[in-house]
1. Only one of these conditions is not met by residue 43: (1) surrounded by 12 or more Cβ atoms within 10 Å (Cβ to Cβ); (2) assigned to a helix (DSSP H, G or I); (3) within 14 Å of the chain's Cα centre (by Cα); (4) modelled with pLDDT of 95 or more. Which number is it?
2. Within the bounds of the stretch 95-107, is there any residue that is touching a Pro at 6+ places or on another chain (Cβ under 7 Å) and among the β-branched types (Val, Ile, Thr)?
3. Which ones in the stretch 83-97 are surrounded by 17 or more Cβ atoms within 10 Å (Cβ to Cβ) and over 12 Å from residue 61 (Cβ atoms)?
4. Select from the stretch 46-80 the residues that are of a type in the set (Lys, Arg) and not in a helix (DSSP H, G or I) and write down the one among them that is farthest from residue 121 (Cα to Cα).
5. Being outside any helix (DSSP H, G or I) and of a type in the set (A, V, I, L, M) is the filter; apply it to the stretch 107-143 and report the residue that is surrounded by the most Cβ atoms within 10 Å (Cβ to Cβ).
6. Return a yes/no flag: does the stretch 98-106 have any residue that is open to solvent by less than 80 Å² (accessible area, probe 1.4 Å) and in a helix (DSSP H, G or I).
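The values are calculated or read from the model by the stated rules, or taken from the named source; none is laboratory data. Nothing here was measured: the structure is a model prediction, and the numbers come from that model. Cβ placement follows ideal geometry from the backbone for every residue including glycine, while neighbour counts extend to all protein chains displayed. Areas reflect the complete protein model, heavy atoms only, side chains present, ligands, DNA and RNA absent. Shrake-Rupley method; radii C 1.70, N 1.55, O 1.52, S 1.80 Å.
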Amino acid sequence: MSEQMTKDIEPTAAVTRAWIGLMRAQQRTLAAIEKDFKAAGLPPLIWYDVLWELVKAEDGRLRPFEIEARTLLAQYNLSRLIDRLEKEDLVRREAFDEDARGCWVVVTEAGRAMRERMWETYAPSIARHVGAKLSEAEASELAALLSRLA
């Protein structure tokens, strides 16, 4: 790419400020929510994300690549996380009928209960760290703006 083409696609100052604000807000809000989880004696937020995707799925099961796509976790991180969830009896692996090498990840009753327990902290945490700082109209506007980036 030529230097002129690179210069033509540089972000404006407003876009750069928006990017920096988005990244800072994400980091600070996630850190605050993780702190709330830790204070409540709960596992990390990513456990909730995986359990939630499994609870929402048909029959409470997904293939690992489906979890990866829905949570944006890297495969190597997901494998270790599934191992930890399985060790805690929150999920189990089941052989995939059509492919002896593949497996389903299935949420257990203990996993469903843990997701519900985590939500009891997560919901007020979202309300405190996001909802308390935005009006309902601002939250709707922000959601609409962010959906355009997704």
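1. Status for residue 43: all satisfied but (2).
2. yes
3. Hits for the stretch 83-97 are 85, 90.
4. The extreme case among them is 63.
5. Looking at the filtered set, the residue picked out is 107.
6. Checked against the condition, which is being open to solvent by less than 80 Å² (accessible area, probe 1.4 Å) and in a helix (DSSP H, G or I), the stretch 98-106 yields no hits at all.
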